[in-house]
């Protein structure tokens, strides 16, 4: 079950690079939230309520807020095309496995052996953040990184204090609410959220 949940967690992160429709990207993020909740519950059944809370936030509430702001946007001109992005994802996966091997050898448990998956998603999220032009796509990249950091925390420590995780999740929720307001104001004022076009307006 842990392997299945980690596989879904990784697959949804990589598929974000394949899709250009912002709504589809947000739905993939929602599916990744389900996978994250499954990882937490699989690691320890006593974390069921925490897993459901985190899964509900990442799979329902945050995607709902993002979809309200998406309004049919598409990534028409990403800085890196789809084929090259998938090749970069493969390179990032190999890098994540290489970097995490000392940790895996230190404590070769099923949980730590899944750490490279979370690190891969972290690198993929950063790649999305720096290569996509739409503001909402960049928000999803940031949220992928947050999901990956949460997964690493649970895989390496078998859980973090509930108060800490809820505090971080509320910070993320607040950040998304602020970004949603800014995105809607950008669309109302300039007709879109393409950051390159906004720079041209500034110039």
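The values are calculated or read from the model by the stated rules, or taken from the named source; none is laboratory data. In this text, all values refer to a predicted model and were calculated from it rather than measured experimentally. When we count neighbours, we look across all protein chains shown, and the Cβ atoms used for this are built from the backbone with ideal geometry, even at glycine.
In the set 36, 17, only one residue is part of a helix (DSSP H, G or I), closer than 26 Å to residue 109 by Cα and either touching a helix residue (DSSP H, G or I) at 6+ places or on another chain (Cβ under 8 Å) or touching a residue at least 60 places away in the same chain (Cβ under 8 Å) (or both); that residue is 36.
The single condition among (1) surrounded by fewer than 18 Cβ atoms within 10 Å (Cβ to Cβ); (2) touching a helix residue (DSSP H, G or I) at 6+ places or on another chain (Cβ under 6 Å); (3) assigned to a helix (DSSP H, G or I) that residue 49 does not meet is (2). Checked against (1) at pLDDT below 70; (2) within 16 Å of the chain's Cα centre (by Cα); (3) farther than 28 Å from residue 3 by Cβ, residue 167 passes all but a single condition, namely (2).
Tell me the residue from 110, 102 that is over 12 Å from the mean Cα position of the chain (by Cα), touching a residue at least 60 places away in the same chain (Cβ under 8 Å) and either surrounded by fewer than 22 Cβ atoms within 10 Å (Cβ to Cβ) or within 25 Å of residue 21 (Cα to Cα) (or both), please. Among 110, 102, only 110 is over 12 Å from the mean Cα position of the chain (by Cα), touching a residue at least 60 places away in the same chain (Cβ under 8 Å) and either surrounded by fewer than 22 Cβ atoms within 10 Å (Cβ to Cβ) or within 25 Å of residue 21 (Cα to Cα) (or both). Counting only residues that are out of contact with any helix residue (DSSP H, G or I) (no Cβ under 7 Å at 6 or more places or on another chain) and more than 15 Å from residue 24 (Cα to Cα), which one in segment 62-84 is modelled with the lowest pLDDT? Looking at residues that are out of contact with any helix residue (DSSP H, G or I) (no Cβ under 7 Å at 6 or more places or on another chain) and more than 15 Å from residue 24 (Cα to Cα), I get 77. Looking at segment 181-196, is at least one residue surrounded by 19 or more Cβ atoms within 10 Å (Cβ to Cβ), under 21 Å from the mean Cα position of the chain (by Cα) and modelled with pLDDT of 90 or more? The answer is no; no qualifying residue exists. I want to confirm something. Restricting to segment 98-152 and keeping residues that are outside any helix (DSSP H, G or I) and out of contact with any strand residue (DSSP E or B) (no Cβ under 7 Å at 6 or more places or on another chain), which single residue is farthest from residue 15 (Cα to Cα)? By that ranking, first place goes to 107.
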